[in-house]
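A short write-up of the structure that comes next.
The values are calculated or read from the model by the stated rules, or taken from the named source; none is laboratory data. The structure presented is a predicted model; accordingly, all values stated were derived computationally and were not measured. Neighbour counts are summed over all protein chains in view; Cβ atoms, including those assigned to glycine, are modelled from backbone coordinates with ideal geometry. Calculation scope for accessible area: heavy atoms of the full protein, side chains included, ligands and nucleic acids excluded. Shrake-Rupley method; radii C 1.70, N 1.55, O 1.52, S 1.80 Å.
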Amino acid sequence: MDYVAIEKKWKEIWAKEKVGQYDENKPDKFYMLEMFSYPSGANLHLGHWYNFALSDSFARYKKMCGYNVFEPMGFDAFGLPAENYAIKTGIHPQTSTDKNIEIMEKQLREMGAIFDWDHEVVTCRPEYYKWTQWLFLQLYKKGLAYRKEAPVNWCPSCQTVLANEQATDGVCERCGSAVVKKNLTQWFFKITDYAEELLDGLDGLKWPEKTKLMQKNWIGKSVGGEVEFILSTGDKVKVFTTRADTLYGVTYIVLAPEHPLVDKITTQKQRKAVDDYISEVNKSSEIDRLSTAKEKTGVFTGAFAVNPINGKTVEVWIGDYVLYSYGTGAVMGVPAHDARDFDFAKKYGLDIIRVIKGKEGVNDELPFVEYGIMVDSGTQSGLTSDEGKLAVIKVLEKQGKGELKTNYRLRDWLISRQRYWGAPIPVVYCEHCGIVPVPEEQLPVKLPFDVNFTPDGTSPLLKHEGYMNTECPICHGKAKRDPDTLDTFVCSSWYYLRYTDNKDDKMPFSREKADKLCPVDMYVGGAEHACMHLLYARFITKALRDMGYIDFDEPFTALTHQGMILGADGQKMSKRNSSESPDELIHTYGSDALRTYLGFGFKYIEGGPWNKDGIKAISKWFDRVQRLVDDAVSAEDTEEKAFTSAENELNCVLNNTIKCVLEDYEIFSFNTAVARMMELVNALYRYDREGMNGKLFRESVRSLILLLAPLAPHICEEFWHNLGFDGYLVEQRMPTYDSAALVKPEVEIALQINSKIRGKLTVDSSFTKEELEKHVAECEQVVALLDGKQIKKIIAIPGRLVNLIVG
RNA sequence: GCCGAUGUGGCGGAAUAGGCAGACGCAAGGGACUUAAAAUCCCUCGAUGGCAACAUCGUGCCGGUUCGAGUCCGGCCAUCGGCACCA
C-alpha cells in the first residue's frame, strides 16, 4: 500500500476542513500542551517527533474520549544560538529564526497532528513580546521587579558577557580563557516572595514525584532561628541557625568576606591579613570557588562577639565558605557539632566545646552532627535537640536577641541578559527622573534591526545610539534605554496564556478565555526544565492571579516528561551520531509508521537508544492490518447465533484489548498499547474465516481501527472509510468494552508442590478459594503427582495457582 | 558528599495487589510456497544437562522475611539525572 500517498491525501483534507480543532462553543475542554521548541537549524529530529507526535497521539486519544481538545503550537524564538550564529556568519538572528520557523512549521504541519495553528505564538514577534514587556511592567508596578548589582560571567579575552552554559567549568566556551566575575546592575523578579506558596502548591499537582522533589529541594526551605551577637565595636551581627540547641557550643563566628561590617570591625593589627585574604578570594576563579573539596580558609578580624545565651566572648572571623547570599551572611561556629566548623576549628586552632551528647551508647566521636541531648547548656541542659532548638530561641526572643526564622535557598530570578536577541527591557533611565518604566501605550519597545554583533566588549544594543538615546516619558528630557534584554524564560513563562487569545492587540489575553481554557490539563516536555521554566511559569501564574488577571493559581495541573531518544550507541544524539533523519524514514515508511514505532519501541517516559530495525516491522504490521480491513469489507453477514468457542475466544481478546489500550493511552504507555493491538491482530488471523461470524469480525476490525487511530491517524482514516464508515476518526468515540466478555469459563492455573511448579491445571474460573482447595485435593492429576505423600497445607489463589505443601 | 531514579534473554521491552519471569516485537535459525527472489505463512528461540518426558539454575551482587520475591526489608556495586560549602 502506498502509505505516503494516503497520508498526503488525508493531511490535505484535514487541513482544509480543520478537522479535530478546538471548538470554543463546546464544553469539556482539555488543554493539551507540549513545551514549544526553539527554532534551531534545519529539520525536525527524532526527539521532536518523539515529543510532539506522541503527545499528539495522547491528544487524539482524549479527543476520541469526547473531550474538546485544545492543542496549540508555537515557537520559543528568542535566544542565544541565533545570536551566536549571527556572530559567526553575519546572518541576522531575525532572518535565520524566521527561516528556521518556516521549515519547522512546515514539518510540524506535515506530522499530521491536530495542532491548532490558528492560535500559534512566536515569542520573537513584536505582537508577542509587546506583552512580555507588559508583563515586566506589571511586575514592576507590583514591586516584584527590582534592580541590584549582580555578577555576570565575563570573558576578558572575548570582552563579552557569557551565559552560564558558555562558561562551563569556569572557562570561556569560545576561547578557553578563564572566566571572571564582573558586577553589573541588573533586573530581578522577586520569585522569593512566592517561595512558600510555590512549595505548598506542589502537593496538589499531578506531576512526576521526582520533579516535585527537585523543585522542593531547589526552593530549599529551612526552619531555624536568627541569633544576634553584639560585637566589641558595638555593632550587631545576626546569624541564622537551624541548630539553636548547639548555641552553647559556639567558639567563634564567621562572616562572609563580602559582609558589609567586615571593613568596619577589622582591627589595625589584622587589617593587612584581612585585606590580603579578601583580594585572594576575589582573585580565585570560579573553578576553585565551586570546589567543595577545597579546604576551608579564613582569617581573624581582630573583633570579638558576645554569645547572647551565655555571655561568652568569641572571635569573629571571615571565611569564604560563608555565603553572603544566604541567610544573614554570617554563621556561628560550633565545631563540636558541624563538620565544616570542625575542620575550620582544627585548622585554625579554635576551641571545640561539646554541648550535645548522643543517646546512650551511640557513636560518640566529634564532630557529632546528629540530634541528641543538650549538656553543659545552662538551664537548657537535658533537653533534646528538638526541644532545645525552640527553647533557646524563645529565651533569646524575650531579650530581643533572637527570633524564629525560615530561610529559603531559592534566589530571586535574574532576568537581565546582556544580549541582543531577546525582548528589550521596557525601562528608560532619565537624568532627572531616574528609573522610568515605558508607558504601556508605547509598547512594544522594538528591537532595532541594524545592529553590530561583533563582540568587542559592548553589547549590540549598547552600541546602537539610535536605540539607546531616547526621551524620558515623564519630563521629556534626555534618557537612555536599558541595554539589556529579558531572559527567554520570561517569554516562556506565560506563553500558555497567550495561546488562548493570540491575536488580541488590546490585552495579553482575555481573562474570560484564559479562565475557560486554563489551566493546562496535560503538559508534556523534557525533565531538564524542572527548576527553571516549570518554576518560573508557576511563579508568573501566581503573580498574575494576585494582580487580578486570572482566576487560577497553577499553570499545569498534570505533567509528563518524555524520555530522550539516544543515538544507536546509547550516547546523547549529536550531529555526529544522529545518522537517522526522520525525513528519510517518513519518505520510506510514512509518518504513521514512524509515530507508531516511536510509541512501540520505547517506554515513553524513559526513551532509549535508537534502533532503525523496528520501523520496517511496524510497516509490515500495518500491511497485516490492511488485509484484515479488506477481509472485513468482504465479510458476509451471517445469521445471529450463539458464539462458538473460537468466537468467544476472539470476543474475549477484543474486549481485553479495548480495556487495556484505553488504560495504556491514559498513562502514555504506548508500547503496551501497541502490543495489545498486535495481540488482537494475531487473534483475528488465528480465527478461522471459514463460516466466520461476519458481524463479530467486522466489529473487531472496527474497534481495532478506532484504537489505533491516535498512533496511525492517516492510514486509519483510510481504513475507516474503506470499511464504509463516514465522518472523521478523530470525531468518533473510542470503543467500550464488555466486562462480561472478559470472563472465560475455564482458566489455566499453575500447580505447585512445595512451591515448585509441577504442572498446569485447567479449572472452572468461578471457583472460590475453598472450592479450588477441594477440587485440587480430589483431582486425579494431583493425586498422581503426590506419589502417596500427605498434603499438609494447601495455598489456593483463584485464577492464579495452587501450592501444595507436602511432607 | 547529599538527594533521586534505574539495573530483566543477542536487542527494544512486558509482568495488576508478593502468585506460571521473559507478554508484544526485533534479530537469529529451520521449514512451506516459488524456477528464483521478494512478500506471505508455520515452527524454534534465557542457560546447562538429557533422545525424550523432564530436571537444575536464572531478573546487578550478598543476606533476610514468606508456602512463594523481578516485586517487600537490610547491606553493597554499577549507570544515569539533580544539587553542590545553604549554616
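Values computed for the structure shown
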read-out: Whether segment A:647-743 is rounded, prolate or oblate, judged on the alpha carbon gyration tensor where a/c under 1.5 counts as rounded; value: oblate
read-out: Probe 1.4 Å - accessible area at A:Met692, Å² to nearest ten; value: 30 Å²
read-out: Percent RCO, i.e. relative contact order, over segment A:654-807, from Cα pairs under 8 Å lying at least 6 residues apart; value: 18 percent
read-out: Estimated D of segment A:557-656 in µm² per second, where Rh is the Kirkwood radius over Cα pairs and Stokes-Einstein applies at 20 °C, 1.002 mPa s; value: 127 µm²/s
read-out: A:Arg109 accessible area, 1.4 Å probe, all protein chains in place, Å² to nearest 10; value: 120 Å²
read-out: Chain A: translational diffusion in µm²/s, Stokes-Einstein, Kirkwood Rh over Cα pairs, 10 °C, 1.306 mPa s; value: 50 µm²/s
read-out: Rg in Å to one decimal, and Dmax rounded to a whole Å, for segment A:711-807 via C-alpha atoms; value: 22.9, 68
read-out: Listed residues A:Gly372, A:Gly799, A:Trp494: farthest to the positive end of the dipole of chain A (Cβ charges); value: A:Gly372
read-out: Mean Kyte hydropathy of -0.5 or more with a Cα span along the axis of at least 30 Å, helices from DSSP in chain A; value: A:613-634, A:645-666
read-out: Bins of 5 Å from zero: percent of alpha-carbon pairs in segment A:190-277; value: 3, 10, 16, 14, 12, 12, 12, 9, 7, 4, 2, 0, 0
read-out: For A:Val171, residues with placed amide H under 5 Å, excluding near neighbours; value: A:Val179
read-out: Rel. contact order, % - alpha carbon contacts under 8 angstrom, at least six apart, segment A:557-714; value: 28 percent
read-out: Calculated P(r) of segment A:120-244 - Cα pairs past 22 Å, %; value: 69 percent
read-out: Accessible carbon and sulfur surface of chain A relative to its total accessible area, %, 1.4 Å; value: 50 percent
read-out: Segment A:532-604-segment A:178-257 distance, computed between alpha-carbon centres (Å); value: 33 Å
read-out: Globularity index of segment A:376-468, i.e. its alpha-carbon radius of gyration over 2.2 N^0.38 Å; value: 2.15
read-out: Euclidean distance of C-alpha centroids, segment A:295-314 and segment A:1-61, integer Å; value: 65 Å
read-out: Ranking by accessible area, most exposed first, for A:Lys312, A:Lys542, A:Lys789 with a 1.4 Å probe; value: A:Lys789, A:Lys312, A:Lys542
read-out: Which of A:Leu184, A:Leu199, A:Leu628, A:Leu213 is most accessible, then next, and so on - probe 1.4 Å; value: A:Leu213, A:Leu184, A:Leu199, A:Leu628
read-out: Residue-level accessible surface for A:Glu102, protein heavy atoms, 1.4 Å, Å²; value: 130 Å²
read-out: Cα-based Rg / Dmax (Å) for segment A:768-807; value: 9.6, 27
read-out: Share antiparallel - DSSP beta bridges, chain A, percent rounded to 5; value: 75 percent
read-out: Pairwise Cα inverse-distance average, inverted: Kirkwood Rh of segment A:469-613 (Å); value: 19.1 Å
read-out: Value at 222 nm in deg cm²/dmol, rounded to 500, when DSSP H runs of n ≥ 4 in chain A each add -39,500 (n - 2.57); value: -11000 deg cm²/dmol
read-out: DSSP-loop GluC sites (Glu not before Pro) across segment A:233-340, with at most 16 other Cβ within 10 angstrom; value: A:Glu258, A:Glu295
read-out: 5 angstrom amide H check on A:Asn68, placed H, neighbours 5+ away; value: A:Lys29, A:Phe30
read-out: Length-normalised contact order of chain A in % [C-alpha pairs under 8 Å, at least 6 apart]; value: 14 percent
read-out: Solvent-accessible ranking of A:Ile705, A:Ile757, largest area first, probe 1.4 Å; value: A:Ile757, A:Ile705
read-out: Quarter of Cα convex hull surface for segment A:1-108, i.e. mean projection, nm²; value: 8.8 nm²
read-out: Dipole of segment A:522-654, positive direction: furthest Cα of A:Trp621, A:Tyr604, A:Thr638, with charges on the beta-carbon; value: A:Tyr604
read-out: Size of charge dipole - chain A - debye, nearest 20, with Cβ of Lys, Arg +1 and Asp, Glu -1, no other charges; value: 2140 debye
read-out: Distance from segment A:664-739 to segment A:635-653 (C-alpha centre basis), Å; value: 17 Å
read-out: Calculated SAXS-style log₁₀ I(q)/I(0) at q = 0.11, 0.18, 0.19 Å⁻¹ - segment A:406-555, Debye, Cα scatterers; value: -0.56, -1.18, -1.23
